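I have placed the structure first, in the form of structure tokens, so that the comments after it can refer back to it.
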Amino acid sequence: MRFFTFFIMIFYFFSANAQRNIVLRLSHALNDSSFKYNENFEIDGNKNYYTRLQYYLSGFELIHDGGQSTSLINTYVLASGHISNYYLGNFNISSLESITFDVGVDQIANSENTTNFSSDHPLGPKSPPMDWGWPSGYFFVVTNGFTDSDNDDVPETPFELHALGDQMLTHIDPISIFPFNSNDTIYIDLIVHADRFLSGINLDSIGADHSSSVNNLSMCNNSSAMNIFEAGYIDVTNIEDNKNSFNYIFLDYTLPFAPTINYHFESNNKINLKITDINGGIHVNEKNLYSQGSYFPLIELATGIYIVTIDNGTNRIFKKFNVVQ
């Protein structure tokens, strides 16, 4: 009996101190709708659309396991509007509580050169470029697109804002998160309100501004001042269909054989999740899940059309999705 108790204690010790992969999942949004290039969005009363959105993140700090802090040294993310998943590393973490980071590149890295890194490193050479050469350094935030300058609801005037200079580095205060654990991976889900980068900037006369200008500084500072980053995930279709509800499902198709199902209910009631095919066949039937989180089917779904339905006993939402092998 003593041996059995000792074995159980050892098992829980190693389970609690297991190494976990940490993955940052960014759901980019425009006017609370999922991000798309060349699609109109409104900011400050004007219609605009993006043709390029990229920015650097650095200076990550993770708060976990009852207030412990882990700084992610030399960890950089080059984020793009159309990409969700970013691997941050493998750490001895059981439960994540909050995350903080900087938008941009720290001063030491910004004084180096892309040639010091491989092309697959975030700080390595990129095409199109993410730097202006040295000593100018990296572009911390890049927004290219078109704005409506003649009020005809058709964006026709191009703009390019490429922020340069150490003074552009913007700190993001700690964000309390609701991480999702999947086997040996912890996912951090953040919404990125990409439209807000351009808040308060007169885009009509920008042209191509690759500098340390006031406009570029405003764009970077908006990261903090406009709360561009927040915990969660967003699904436009369900928000449009349920205007009085903040319950939604958002599907991440990073893995083609089955999407990651991100969901959120206002109520704290436990939820049930079911995945069926168009003929009514049940492939997944999970009960008593948390009211918000991310769910990844552990089975490989065959090519076809499926419906995920989530309910908490009071409200029910559903979304159709395709699987293509």
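Any read-out appearing in this document is the output of simple, stated calculations on the displayed coordinates, not a laboratory observation. What you see is a predicted model; the values in this text were computed from it and never measured. Reconstructed Cβ throughout: ideal geometry from the backbone, glycine too, with neighbour counts over all protein chains shown.
Binning at 5 angstrom from zero up to the longest distance, how are the C-alpha pair distances of the stretch 18-231 distributed in percent?
That works out to 1, 7, 15, 19, 19, 16, 12, 6, 3, 1, 0, 0, in percent per bin.
Taking neighbour counts of Cβ atoms within 10 Å as a proxy for exposure, in what order, fewest first, do 219, 226, 168, 130 appear? Walk me through the numbers on the way to the answer.
Values: 219 29, 226 18, 168 24, 130 21.
In increasing order of surrounding Cβ atoms, one gets 226, 130, 168, 219.
Could you work out how far apart the two model spin labels at residue 91 and residue 212 are, taking each label as a point 7 Å from the Cα in the direction of the beta carbon, and quote it in nm?
3.1
Which value in deg cm²/dmol, rounded to the nearest 500, describes the helix-derived mean residue ellipticity at 222 nm for the chain, given -39,500 (n - 2.57) per DSSP H run of n ≥ 4 and division by the residue count?
Working: 4 runs with 37 residues, N = 325.
Result for the chain, helices only: -3000 deg cm²/dmol.
Of the options 123, 135, 249, report the single residue whose Cα projects farthest towards the positive end of the charge dipole of the chain (beta-carbon charges: Lys, Arg +1; Asp, Glu -1).
249
Helix 2-16 versus the longest principal axis of the chain: what is the Cα-based angle in degrees, 0 to 90, to the nearest 10?
Rounded to the nearest ten degrees, it is 20.
With angles folded into 0 to 90 degrees, how steeply does helix 214-225 sit against the dominant principal axis of the chain? Use alpha carbons for both and round to 10.
With rounding to tens, the tilt is 20 degrees.
Amide H neighbours of residue 185 under 5 Å, at least 5 residues apart or on other chains, H built in the peptide plane: list them.
Close amide H contacts, sequence-distant or interchain: 21.
Ordered by residue, what ³J(HN,Hα) values in Hz, to whole numbers, does the stretch 167-176 give under the Karplus form 6.51 cos²θ - 1.76 cosθ + 1.60, where θ = phi - 60° and Gly and Pro are x?
Using θ = phi - 60°, the values come out as 5, 7, 4, 10, 8, 9, 4, x, 10, 5 Hz.
Expressed as a rounded percentage, what relative contact order does the stretch 125-245 have, with Cα pairs under 8 Å and six or more residues apart? Present the calculation step by step, with values, prior to reporting the outcome.
Numbers: 185 pairs, mean separation 31.9, N = 121.
Over the stretch 125-245, the number comes to 26 percent.
For the stretch 285-325, report the % of Cα-Cα distances exceeding 14 Å. Intermediate values should be presented prior to the final figure.
Values: 469 of 820 pairs.
The proportion of pairs with Cα distances above 14 Å equals 57 percent.
For the stretch 105-131 and the stretch 205-226, what is the separation of their C-alpha centers, rounded to whole Å?
21
Taking a threshold of 29 Å on the Cα-Cα distance, which of the pairs 47/274; 126/319; 287/320; 47/270; 36/319 fall above it?
Numbers: 47/274 39 Å; 126/319 37 Å; 287/320 20 Å; 47/270 40 Å; 36/319 19 Å.
Over 29 Å Cα-Cα: 47/274; 126/319; 47/270.
Mind ordering 271-278, 99-106 by average Cβ neighbours within 10 Å, highest first?
Numbers: 271-278: 17.4, 99-106: 22.6.
Descending packing order for the listed peptides: 99-106, 271-278.
Under the Karplus relation 6.51 cos²θ - 1.76 cosθ + 1.60, θ = phi - 60°, what is the ordered set of whole-Hz ³J(HN,Hα) values for the stretch 141-158, x standing for Gly and Pro?
9, 10, 10, 10, x, 9, 10, 8, 9, 10, 6, 10, 6, 10, x, 10, 9, x
Based on the alpha-carbon gyration tensor of the stretch 22-70, what equivalent-ellipsoid semi-axes (square roots of 5 times the eigenvalues) come out, in whole Å, largest first? Intermediate results must be reported in sequence, preceding the final value.
Details: eigenvalues 211, 28, 21 Å².
Semi-axes from the Cα gyration tensor: 32, 12, 10 Å.
Averaging over every viewing direction, what projected area does the convex hull of the Cα atoms of the stretch 251-325 cover, in nm²? Mind showing how you got there, number by number?
Working: hull surface 18.3 nm².
The number I arrive at for the stretch 251-325 is 4.6 nm².
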